[in-house]
Amino acid sequence: MKKYIAEVLGTFTLVLLGTMTAVLTSSNIIATALAFGLAVVAMAYAVGGISGGHFNPAVSVAQAIRKKISWMDFLLYFISQLVGAVLASLLLFVILGDQAVASGLGANGIGTLFAAKDLGWLVALLVELVLTFIFVLAIIGITNDESRAPLAGLLIGVVLVGIVIAGFTVTGTSVNPVRSLAPALFVGGDALKHVWIFLVGPLLGGALAGVVGNFLLTDDH
């Protein structure tokens, strides 16, 4: 039970600090990227040793594919992460009061550069898939080497900062299904309409990273 509670707390902190910063800084890219990255660093060292510090179903699906966790654990991790994310968005909703829906609660969407295009959704989907693949593969590589263990949380946080910056103008950067689903549930509208992109893209990207990680890090290859 402790590992599931750890995932709730870690995901709650990640989503709250990241989306709150996005809302209160009017979506400042650097501030938002740093908030997400530093939240991962903080929670990786606070509770990561208990659960593995996934805080993201895309990470969990990769670890299930790599047989680092069971598929039952993946399901329970997913539920725990969703609970943490929803609690974070609920708290932000309460804090903002009447302005909550208008603020967007840090929800993801298709950026204005691509929203007007017929295939804007495809661009967003590909960006989320590729960025998630890079992010999760980096996590797999970093955590696979025990010599990097003391720095793993910091390295992963730095990678996330770069990932958020890279995709921010396209989608607001999700690379985490529950980070997108939670605010969309409260905001509704286009955020909820497009949320499938931020469920499918990151989960596929995470799964692909798990497959590639297995191939690259297995001794018989």
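Does Gly84 meet the test of being at pLDDT below 95 and under 19 Å from the mean Cα position of the chain (by Cα)?
Working: at pLDDT below 95: no; under 19 Å from the mean Cα position of the chain (by Cα): yes.
No: the conditions fail for Gly84.
Which ones in region 97-114 are more than 17 Å from the chain's Cα centre (by Cα) and buried (at least 17 other Cβ atoms within 10 Å of the Cβ)? Talk me through it step by step, then tell me what you get.
From region 97-114, those more than 17 Å from the chain's Cα centre (by Cα) are 97-104, 111-114; that's our starting set.
Ala100, Ser103, Gly104, Gly111, Phe114, listed by residue number.
Condition test on Leu92, is it at pLDDT 95 or above, more than 17 Å from the chain's Cα centre (by Cα), among the aliphatic types (A, V, I, L, M) and crowded, with 20+ Cβ neighbours inside 10 Å? Walk me through how you get there before you give the answer.
Values: at pLDDT 95 or above: yes; more than 17 Å from the chain's Cα centre (by Cα): yes; among the aliphatic types (A, V, I, L, M): yes; crowded, with 20+ Cβ neighbours inside 10 Å: yes.
So Leu92 passes the test.
Answer yes or no as to whether Ala42 is under 18 Å from Val164 (Cβ atoms), open to solvent by 30 Å² or more (accessible area, probe 1.4 Å) and either assigned to a helix (DSSP H, G or I) or touching a His at 6+ places or on another chain (Cβ under 8 Å) (or both). So that I can check it myself, show each step before the final result.
On the way: under 18 Å from Val164 (Cβ atoms): yes; open to solvent by 30 Å² or more (accessible area, probe 1.4 Å): yes; either assigned to a helix (DSSP H, G or I) or touching a His at 6+ places or on another chain (Cβ under 8 Å) (or both): yes.
Yes: the conditions hold for Ala42.
Pairs needed: first member in region 22-34, crowded, with 21+ Cβ neighbours inside 10 Å; second member anywhere, of a type outside the set (Lys, Arg) and assigned to a loop (DSSP other than H, G, I, E, B); C-beta distance under 9 Å; at least 6 residues apart or different chains.
Ala22/Asn28; Ala22/Gly172; Thr32/Thr25; Thr32/Gly172; Thr32/Thr173; Ala33/Thr173
How many residues are out of contact with any Gly (no Cβ under 8 Å at 6 or more places or on another chain) and either surrounded by 20 or more Cβ atoms within 10 Å (Cβ to Cβ) or under 25 Å from Ile142 (Cβ atoms) (or both) if we restrict to region 169-198? Before you say what the answer is, go through the steps one by one.
The initial filter retains those residues of region 169-198 that are out of contact with any Gly (no Cβ under 8 Å at 6 or more places or on another chain), namely 176-177, 180-182, 184-186, 188-189, 192-193, 195-198.
Then keep just the ones that are either surrounded by 20 or more Cβ atoms within 10 Å (Cβ to Cβ) or under 25 Å from Ile142 (Cβ atoms) (or both); that gives 176-177, 180-182, 184, 195, 197-198.
Residues that pass the stated criteria total 9.
Checking Gly162 against (1) surrounded by fewer than 17 Cβ atoms within 10 Å (Cβ to Cβ); (2) more than 15 Å from Phe36 (Cα to Cα); (3) within 15 Å of the chain's Cα centre (by Cα), which single condition isn't satisfied?
(2)
Just to be sure I understand, how many residues within region 199-221 are surrounded by fewer than 15 Cβ atoms within 10 Å (Cβ to Cβ) and modelled with pLDDT under 95?
So the count comes out to 7.
With the condition being touching a residue at least 12 places away in the same chain (Cβ under 8 Å), I'd like the helices (runs of 4 or more DSSP H) fully within region 120-207 carrying at least 3 qualifying residues.
Numbers: elements: 120-144, 152-171, 177-187, 189-193.
Hits in region 120-207: 120-144, 152-171, 177-187.
Of everything in region 45-59, what is open to solvent by 30 Å² or more (accessible area, probe 1.4 Å) and assigned to a helix (DSSP H, G or I)? Give them in sequence order. It would help to see each step written out before you state the result.
Kept after step one, since they are open to solvent by 30 Å² or more (accessible area, probe 1.4 Å), are these residues of region 45-59: 45-46, 49-50, 52.
If the condition is that a residue be open to solvent by 30 Å² or more (accessible area, probe 1.4 Å) and assigned to a helix (DSSP H, G or I), then Tyr45, Ala46, Gly49, Ile50 are the ones that fit.
The values are calculated or read from the model by the stated rules, or taken from the named source; none is laboratory data. The shown structure was predicted, so the numbers you read here are calculated from the model rather than taken from an experiment. Counting neighbours? That spans all protein chains shown, and the Cβs are built from the backbone with ideal geometry, glycine included. Remember, those area values only see protein heavy atoms, side chains included, never the ligands or the DNA or RNA. Shrake-Rupley method; radii C 1.70, N 1.55, O 1.52, S 1.80 Å.
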